[in-house]
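Colleague: One structure is given below, represented as structure tokens, and several questions about it will come after.
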Ligand code: G6P
């Protein structure tokens, strides 16, 4: 009811602003990296596996796609990510030494549960879930689990569940790296420090809300939008586009920025807003030339940069700077800005933000 909402207009807004608390709770008590965070048998299982298969739906599958970048680069374990509803209906080649990782806010999504059973029927018995509901079917069905502490999520569009899933998946990455001898004590200490600082870092992104509101007033008048990201921010672009579609009903698509020239550039006119995630990482120079391709066609760029990305506003180029560059954990910060953009755009369009048409919070039937 209204009492629970406090100063917020919608559950989604409240849940976006709860993220510093949700991440803090999810990582509470993690004083060191150890497989036992995932269960008593985790060390034994992590020793036996030599690849990871992530199965999830919707927003949870984008958390999985982000984790693929982390796990392959930090733990050096090959990862594939499949949408649960497709995996169970195709012939795939099973590999017994696979760690099956399901990701689910509710732990009751029918497609994800069925995909897990399908993997098991193919002889893959090492199972782990990142899940927000400790008493769910998913947690009962998996050998290992990390329970995120987002708390009850009411808004149909997932926000705090996503960022806490990322926190859990980053812990999994570090545990796999450690078991495989790829995590030095210095790296462990540095990652733990960055994780502990996340609530403060997220709060500084939330403080950008007034600037994002100004953008949302322009977005509210559009019917299409493109989202660009590169590397581990490509799944974040997908999630930003999904958020906008779900609650504002604006048609949005996401591309890894290098793919622009292979098709979506044809859509770019001065009517097309192009949201670009531009952290100051190894791909920033490549990304800047992708942005130039958009500008040359009159496209309107809306860039989420970092303090040190060296991108300044100009004709057709709008910039909001995130206060710090956050290295490998940067996706967790950038997605918060995109959640706010979707939320305020939907608010300006007057949609039913917490209960968007045709969608359900948890899809327990096929
Ligand atoms: C539904 C929800 C999405 C969610 C997806 C997967 O489609 O509307 O927000 O991402 O299910 O749900 P899960 O509970 O498995 O994460």
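The values are calculated or read from the model by the stated rules, or taken from the named source; none is laboratory data. On a predicted model such as this, the values are computed, not experimentally measured, just so you know. Cβ: placed from backbone, ideal geometry, glycine included. Neighbour counts: every protein chain shown.
Colleague: Could you tell me whether residue 148 is more than 19 Å from residue 328 (Cα to Cα), surrounded by 24 or more Cβ atoms within 10 Å (Cβ to Cβ) and either in contact with a strand residue (DSSP E or B) (Cβ under 9 Å, 6 or more places away or on another chain) or modelled with pLDDT under 95 (or both)?
Modeller: Details: more than 19 Å from residue 328 (Cα to Cα): yes; surrounded by 24 or more Cβ atoms within 10 Å (Cβ to Cβ): yes; either in contact with a strand residue (DSSP E or B) (Cβ under 9 Å, 6 or more places away or on another chain) or modelled with pLDDT under 95 (or both): yes.
Answer is yes for this residue.
Colleague: Give all pairs with beta carbons closer than 6 Å in which a residue from the stretch 103-121 that is touching a residue at least 60 places away in the same chain (Cβ under 8 Å) meets a residue that is within 7 Å of the ligand (Cβ to nearest atom) and part of a loop (DSSP other than H, G, I, E, B); count only pairs at least 6 apart in sequence or on separate chains.
Modeller: Final answer for the pair search is 105/158; 106/362; 108/362; 109/57; 109/363; 111/57.
Colleague: Sticking with this structure for a sec: So, of the residues in the stretch 340-358 that are part of a loop (DSSP other than H, G, I, E, B) and touching a helix residue (DSSP H, G or I) at 6+ places or on another chain (Cβ under 9 Å), which turns out to be farthest from residue 15 (Cα to Cα)?
Modeller: In the first step, residues of the stretch 340-358 are kept if they are part of a loop (DSSP other than H, G, I, E, B); the result is 350-358.
Narrowing further to those that are touching a helix residue (DSSP H, G or I) at 6+ places or on another chain (Cβ under 9 Å): 351-354, 356.
Values: 351: 18, 352: 16, 353: 12, 354: 11, 356: 16 Å.
Result: 351.
Colleague: While we're looking at this one, here's another question. Would you mind finding the one in 102, 26 that is within 16 Å of the ligand (Cβ to nearest atom), farther than 30 Å from residue 255 by Cβ and surrounded by 24 or more Cβ atoms within 10 Å (Cβ to Cβ)?
Modeller: On the way: 102 fails: farther than 30 Å from residue 255 by Cβ.
That would be 26, the only listed residue that is within 16 Å of the ligand (Cβ to nearest atom), farther than 30 Å from residue 255 by Cβ and surrounded by 24 or more Cβ atoms within 10 Å (Cβ to Cβ).
Colleague: Sort out which residues of the stretch 295-339 are over 15 Å from residue 205 (Cα atoms), part of a loop (DSSP other than H, G, I, E, B) and touching a strand residue (DSSP E or B) at 6+ places or on another chain (Cβ under 6 Å), and write them in order of number.
Modeller: Across the stretch 295-339, the qualifying residues are 299, 309, 311, 313, 316.
For every residue, the table says whether it meets (1) crowded, with 20+ Cβ neighbours inside 10 Å; (2) within 16 Å of the ligand (Cβ to nearest atom); (3) under 29 Å from residue 152 (Cα atoms); (4) modelled with pLDDT under 90.
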site	(1), (2), (3), (4)
317	no, no, no, no
320	no, no, no, no
326	yes, no, yes, no
335	yes, yes, yes, no
343	yes, yes, yes, no
352	no, yes, yes, no
361	no, yes, yes, no
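Colleague: Hey, another quick one. Looking for something over 23 Å from residue 239 (Cβ atoms), away from the ligand (no atom under 15 Å from the Cβ) and surrounded by fewer than 24 Cβ atoms within 10 Å (Cβ to Cβ) - is there at least one such residue anywhere in the stretch 153-171? Don't jump to the end; show me each part of the working.
Modeller: Narrowing the stretch 153-171 to residues over 23 Å from residue 239 (Cβ atoms): none.
Among the residues of the stretch 153-171, not one is over 23 Å from residue 239 (Cβ atoms), away from the ligand (no atom under 15 Å from the Cβ) and surrounded by fewer than 24 Cβ atoms within 10 Å (Cβ to Cβ), which makes the answer no.
Colleague: Shifting gears a bit: Regarding residue 284, is this residue surrounded by 16 or more Cβ atoms within 10 Å (Cβ to Cβ), more than 16 Å from the ligand (Cβ to nearest atom) and within 25 Å of residue 12 (Cα to Cα)? Outline the logic, then answer.
Modeller: Working: surrounded by 16 or more Cβ atoms within 10 Å (Cβ to Cβ): yes; more than 16 Å from the ligand (Cβ to nearest atom): yes; within 25 Å of residue 12 (Cα to Cα): no.
No; evaluated as a whole, the condition is false for this residue.
Colleague: Go through the stretch 35-56 and report how many residues are surrounded by fewer than 21 Cβ atoms within 10 Å (Cβ to Cβ), touching a helix residue (DSSP H, G or I) at 6+ places or on another chain (Cβ under 7 Å) and not in a helix (DSSP H, G or I).
Modeller: 0
Colleague: For residues that are near the ligand (Cβ under 10 Å from one of its atoms) and farther than 18 Å from residue 230 by Cα, tally how many sit in the stretch 60-75.
Modeller: Going through the stretch 60-75, the residues near the ligand (Cβ under 10 Å from one of its atoms) turn out to be 60-63.
Going one step further and asking which of them are farther than 18 Å from residue 230 by Cα, we end up with 60.
Total meeting the criteria: 1.
Colleague: Those residues that are over 20 Å from residue 86 (Cα atoms), surrounded by 20 or more Cβ atoms within 10 Å (Cβ to Cβ) and over 21 Å from the mean Cα position of the chain (by Cα), I need them from the stretch 106-136; list them, please.
Modeller: Answer for the stretch 106-136, where residues must be over 20 Å from residue 86 (Cα atoms), surrounded by 20 or more Cβ atoms within 10 Å (Cβ to Cβ) and over 21 Å from the mean Cα position of the chain (by Cα): 126, 136.
Colleague: OK, next. Step by step: first the residues of the stretch 105-117, then only those that are out of contact with any strand residue (DSSP E or B) (no Cβ under 9 Å at 6 or more places or on another chain) and over 22 Å from residue 160 (Cα atoms), then the one that is nearest to the ligand (Cβ to nearest atom). Which residue is that? Show your work before the answer.
Modeller: Taking the stretch 105-117 first, the residues out of contact with any strand residue (DSSP E or B) (no Cβ under 9 Å at 6 or more places or on another chain) are 108, 110, 114, 117.
From the residues that got through so far, the ones that are over 22 Å from residue 160 (Cα atoms) too are 114, 117.
On the way: 114: 12, 117: 15 Å.
Among them, the one singled out is 114.
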